[in-house]
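The values are calculated or read from the model by the stated rules, or taken from the named source; none is laboratory data. The shown structure was predicted, so the numbers you read here are calculated from the model rather than taken from an experiment. Cβ sites come from the backbone with ideal geometry, for glycine too, and all protein chains shown count toward neighbours.
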Amino acid sequence: MKNLLLAFCFIFINTISSQENLQNFVGTWESEKTDYTLVISKHKKTDYFKFLNYKTVKKEDERGCLYIDIIYSPEEFVKIKKNKLYTFVSWEDYGGFYADLVYEIINSNRIKVVMNGDRNMTLYYERIK
């Protein structure tokens, strides 16, 4: 009985710790190596994450008026494994582009993203919000 109680406590503590670590992904992030801003949000009751990658570009219309255009990078959440988030980016426009991404918490204000596919690179994002 004592061992069963200890096992339950261990599992409970690991579950809470894992949930707190996953919550560290939530926020707005920027990297020096990309013009895109990354926003990660999490469903309150499930472990489902949403990713929004966007950048703003100043443009001029045919009358010479300046405006801001927002360009989105479509990213889809796949899974959580060992406190890492797995996603993919797929652009069918612009000649096609595909990459798998793995997000990892470095600390509460820094994440690491490893991208493999049509582009292979590692990015480090800093929390801005």
Notebook entry, point to check: Would segment 39-51 turn up any residue that is part of a strand (DSSP E or B), over 16 Å from ASN24 (Cα atoms) and of a type outside the set (Lys, Arg)?
Noted result: no
Log entry, pairs with first residue in segment 53-82 being under 17 Å from SER31 (Cβ atoms), second being assigned to a loop (DSSP other than H, G, I, E, B) and not hydroxyl-bearing (Ser, Thr, Tyr), beta carbons closer than 7 Å, six or more apart or on different chains, reads LYS55/ASP35
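Touching a strand residue (DSSP E or B) at 6+ places or on another chain (Cβ under 9 Å) and not polar (S, T, N, Q), is that true of GLY95?
It is false that GLY95 is touching a strand residue (DSSP E or B) at 6+ places or on another chain (Cβ under 9 Å) and not polar (S, T, N, Q).
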Being more than 19 Å from PHE25 (Cβ to Cβ), basic (Lys, Arg), modelled with pLDDT under 95 and exposed (fewer than 14 other Cβ atoms within 10 Å of the Cβ), is that true of even one residue in segment 104-120?
yes
When GLU92 is run through (1) touching a residue at least 12 places away in the same chain (Cβ under 8 Å); (2) under 17 Å from ASN53 (Cα atoms), the failure sits at (1)
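Looking only at residues that are assigned to a loop (DSSP other than H, G, I, E, B) and on the phi < 0 side of the Ramachandran plot in segment 79-101, which one is surrounded by the most Cβ atoms within 10 Å (Cβ to Cβ)? Lay out the reasoning, then the answer.
Just the residues of segment 79-101 that are assigned to a loop (DSSP other than H, G, I, E, B), to begin with: 82-83, 92-96.
Now narrow it down to the ones that are on the phi < 0 side of the Ramachandran plot: 92-93.
Details: GLU92: 9, ASP93: 7.
The extreme case among them is GLU92.
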Flagged in segment 52-66 as assigned to a loop (DSSP other than H, G, I, E, B) and either out of contact with any Phe, Trp or Tyr (no Cβ under 9 Å at 6 or more places or on another chain) or closer than 17 Å to LYS82 by Cα (or both), in numbering order, are GLU62, ARG63, GLY64, CYS65
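Considering GLU32, GLU60, which residue is among the charged types (D, E, K, R), surrounded by fewer than 10 Cβ atoms within 10 Å (Cβ to Cβ), over 26 Å from ASN120 (Cβ atoms) and modelled with pLDDT of 90 or more?
GLU60
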LEU22: passes all of (1) buried (at least 16 other Cβ atoms within 10 Å of the Cβ); (2) assigned to a strand (DSSP E or B); (3) out of contact with any Ser or Thr (no Cβ under 7 Å at 6 or more places or on another chain) but (2)
Checked VAL113, VAL102, VAL89 against criteria (closer than 17 Å to GLU32 by Cα and under 15 Å from the mean Cα position of the chain (by Cα)); the one match is VAL113
